[in-house]
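Right, one structure below, let's go through it.
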Amino acid sequence: MAFVESSATSIKDKLGSNDFAFGFSFKTQSRNIDADTRFYPVEAGSEVYMRILKKEEITNYVSDEKLRSFYNDTITDAHLNERLAYYSYLKSNVSSISLDKQSIYYSIYYWYVRFKERYFEVYGHDAGMEQEGFKLLEELDDQLEEGVNWGLIEKIELKSV
């Protein structure tokens, strides 16, 4: 089973095992990936996998100070600002993050959805925010050779990733 990584090396090769379900930890370009990291198929039925970057992983790529530069001073809700910063950092640094495109773009969408949900909690529904999500999905479709994995999008929307 192959996994998409920046080095295009499979986890099986790194681990020397056919079964990655048992706890593992290895370094890839100084970023630790451990048993808590979840991998998702790039497309339905695919044996090629990618991952969604959670906040602990994003902080491996960017300092807190740099992340705060993506905060919006007019937003007083700390959780909303944090989610905006993760989304904005990933969106602004697609070409400089040493991961596969799928992981980056689905992570961008993941953080946009988290930002949008919190925005709705704080400020109420906003049709412009919904429209921005559709534009982002169009961008994913344009940027990813295999197109959008709608099953993964649904999992992101339902918070099952």
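The values are calculated or read from the model by the stated rules, or taken from the named source; none is laboratory data. What you are looking at is a predicted structure, and each value in this text was computed from that prediction instead of being measured. All Cβ positions, even for glycine, are placed from backbone atoms using ideal geometry, and neighbour counts span all protein chains on display. Keep in mind that these areas ignore ligands, DNA and RNA; they rest on the heavy atoms of the full protein, side chains included. Shrake-Rupley method; radii C 1.70, N 1.55, O 1.52, S 1.80 Å.
Residue-wise test of (1) open to solvent by less than 20 Å² (accessible area, probe 1.4 Å); (2) not polar (S, T, N, Q).
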{"site": "M50", "(1), (2)": "yes, yes"}
{"site": "F70", "(1), (2)": "no, yes"}
{"site": "Y89", "(1), (2)": "yes, yes"}
{"site": "D100", "(1), (2)": "yes, yes"}
{"site": "M129", "(1), (2)": "no, yes"}
{"site": "E139", "(1), (2)": "no, yes"}
{"site": "Q143", "(1), (2)": "no, no"}
Wholly inside segment 1-109, strands (runs of 3 or more DSSP E) that include 1 or more residues that are at pLDDT 90 or above are none
Taking segment 106-135 and keeping only residues that are without any contact (Cβ under 8 Å) to a residue 24 or more places away in the chain, under 16 Å from E157 (Cβ atoms) and among the aromatic types (F, W, Y), one is left with F120, F134
Counting only residues in segment 145-156 that are charged (D, E, K, R) and over 13 Å from the mean Cα position of the chain (by Cα), the one most open to solvent (accessible area, probe 1.4 Å) is identified as E145
When segment 83-104 is checked residue by residue, the ones that are touching a Phe, Trp or Tyr at 6+ places or on another chain (Cβ under 8 Å) and not basic (K, R) are L84, A85, Y86, Y87, S88, Y89, L90, S92, N93, V94, I97
Among the residues of segment 72-87, the number that are open to solvent by 80 Å² or more (accessible area, probe 1.4 Å) and charged (D, E, K, R) is 1
